[in-house]
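Down below is the structure, laid out as structure tokens.
The values are calculated or read from the model by the stated rules, or taken from the named source; none is laboratory data. Keep in mind the model is a prediction, meaning the values are calculated, not measured. Please note: Cβ atoms are built from the backbone with ideal geometry, for glycine as well, and neighbour counts cover all protein chains shown.
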Amino acid sequence: MKVRTENIHISSEGKTDIIDITHRASTLLEQSELSNGTVTFFASGSTAGITTIEYEPGLIQDIPLAFEKIAPMGQHYYHNATWGDGNGYSHVRAALLGASLVVPFKDGRMLLGTWQQIVVIDFDNRARQRDIVMQIMGE
């Protein structure tokens, strides 16, 4: 078994910005020259998460609306009282979504569904530069 670790650098606008990283991840997987195994994606930082969705305009609007219902921006968060940075909601949202994702691959291709893309969602209250760790394990 071999392990290869890569970084996918992204720029986000924050505020539940949804960024499709599928193409970049596929390119890095192809360059790894590994055939079969798993890819683990990890969103570094405590105000972003990673998942899969059908990356289409309707969901790009629906997902922020759903998170606004679950953890609204304008609510009181004890985190804000502690740090004064106003992003308590972003920490709650990121914790609910999760910071990592594992995708199997076979014959050098991720086994994603036809309409399934890998996305990073940046919940912070400001624009950010993020590094997504991509660790490829396989043979």
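Scanning segment 66-75 for residues that are modelled with pLDDT of 95 or more and either among the basic types (K, R) or surrounded by fewer than 10 Cβ atoms within 10 Å (Cβ to Cβ) (or both) yields a single hit, K69. Hey, does segment 25-37 have a residue that's within 23 Å of G88 (Cβ to Cβ) and touching a Lys or Arg at 6+ places or on another chain (Cβ under 6 Å)? Looking through segment 25-37, none of the residues is within 23 Å of G88 (Cβ to Cβ) and touching a Lys or Arg at 6+ places or on another chain (Cβ under 6 Å). The set of residues in segment 9-41 being of a type in the set (D, E) and buried (at least 19 other Cβ atoms within 10 Å of the Cβ) consists of D17 alone. Number of residues in segment 80-100 that are at pLDDT below 95 and aliphatic (A, V, I, L, M) equals 1. The numbered conditions (1) among the polar types (S, T, N, Q); (2) without any contact (Cβ under 8 Å) to a residue 24 or more places away in the chain; (3) within 30 Å of T5 (Cβ to Cβ) are all true for N87 except (2). Of all residues in segment 100-139, those satisfying the criterion of being over 22 Å from I63 (Cβ atoms) and over 13 Å from the mean Cα position of the chain (by Cα) are P104, F105, K106, D107, G108, R109, L111, Q135, I136, M137, G138, E139.
For beta carbons closer than 8 Å, sequence separation of 6+ or different chains, a first residue in segment 29-40 that is at positive phi and a second that is at pLDDT 95 or above and small (G, A, S), the qualifying pairs are E33/G108; G37/G138.
In the set I10, I60, which member is in contact with a helix residue (DSSP H, G or I) (Cβ under 9 Å, 6 or more places away or on another chain) and at pLDDT 95 or above?
Working: I60 fails: in contact with a helix residue (DSSP H, G or I) (Cβ under 9 Å, 6 or more places away or on another chain).
Just one listed residue meets the conditions, I10.
Among the criteria (1) touching a residue at least 24 places away in the same chain (Cβ under 8 Å); (2) surrounded by fewer than 19 Cβ atoms within 10 Å (Cβ to Cβ); (3) not charged (D, E, K, R), the one L111 does not fulfil is (1).
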